[in-house]
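Worksheet: the structure to be examined is printed underneath.
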Amino acid sequence: MRGSSKPTIYLIDGLNFIRTFLTGNAYVNEENLTSELISWLDELGSDRLYGSEFRLFLDGSFRNVGPISTPCVHASFTEEYTADDIILEQAEFYKQYSQRAVVVTSDRELAERVRAVGIKSISCSKFFNAFYN
C-alpha cells in the first residue's frame, strides 16, 4: 500500500491488529500493546497522516489501556457488540455521507463485508508496513 496524504478515517479492528500482527507469544500484555498502538497512531496522525482520524475498536468491556482519546485517535470498547459489527456500521455511515474511510483488519470475512458496501480495506500488516518508519 502506498500511503495517501488525503485525510482519511481509519476504522481499526483493534484486537485483530494486536493478536494477528503485534503479539509474538502468549505472554505479551495486550493492554500494553493497545497503549503502544494508540501512541503510534497518534504520532502517525500528527505527522505522516496529518488530518486523518483513527477509530480503534476493541472487543469486550473496558480495560485500563491508558488514554483512549488523543487528538487523532479514539479507542472504544464494544461491550456486548462485536467490533466487526460496529466497524461495518461505521463504514456504512461514512460511505453514506461520502467521507473517506478505510477499514484496517486481517479478518477476511470483515474485509469482504466492508468491501461489499463500497469501503476499502487493508490488512493490519500492510497498514503497519506502509507507515512504520
statement: Distance in nm between residue 32 and residue 89 label points, each 7 Å along Cα→Cβ, equals 3.4 nm
message: If I take every Cα pair under 8 Å that is 6 or more residues apart in the chain, average their sequence separation and divide by the length, what percent do I get for the relative contact order?
response: 30 percent
- request: Please go through region 53-131 and write out the GluC sites (Glu not before Pro) that DSSP classes as loop and that have at most 15 other C-beta atoms within 10 Å.
  value: 79, 80
- prompt: How many percent of DSSP beta bridges within the chain run antiparallel, rounded to 5?
  reply: 5 percent
- request: May I ask you to sort 131, 54 by Cβ crowding, counting other Cβ atoms within 10 Å and putting the fewest first?
  value: 131, 54
statement: residue 128 and residue 47 label points (each 7 Å along its Cα→Cβ direction) are spaced in nm at 1.8 nm
- prompt: Could you put 87, 38 in order, starting from the residue whose Cβ has the fewest other Cβ atoms within 10 Å?
  reply: 38, 87
statement: Residue-normalised 222 nm signal for the chain, counting each DSSP H run of n ≥ 4 as -39,500 (n - 2.57), nearest 500 deg cm²/dmol, is -11500 deg cm²/dmol
task: For residue 121, enumerate residues with amide H under 5 Å from its amide H, sequence gap 5+ or separate chain, H modeled in the peptide plane.
output: 103
- prompt: Could you give the dipole magnitude of region 5-96 about its Cα centre, charging the beta-carbon of Lys and Arg +1 and that of Asp and Glu -1, in debye to the nearest 20?
  reply: 300 debye
query: If each of residue 74 and residue 20 carries a label point 7 Å out from its Cα toward its Cβ, how far apart are those two points in nm?
result: 2.5 nm
- prompt: What is the Å³ per residue value for the convex hull set by the Cα atoms of the chain?
  reply: 106 Å³
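Here, each number is a calculation from the coordinates, and none is a lab measurement. If you're wondering where the values come from, they're calculated on a predicted model, not measured in any experiment. Glycine also receives a Cβ, built like all others from the backbone with ideal geometry; neighbour counts cover every protein chain displayed.
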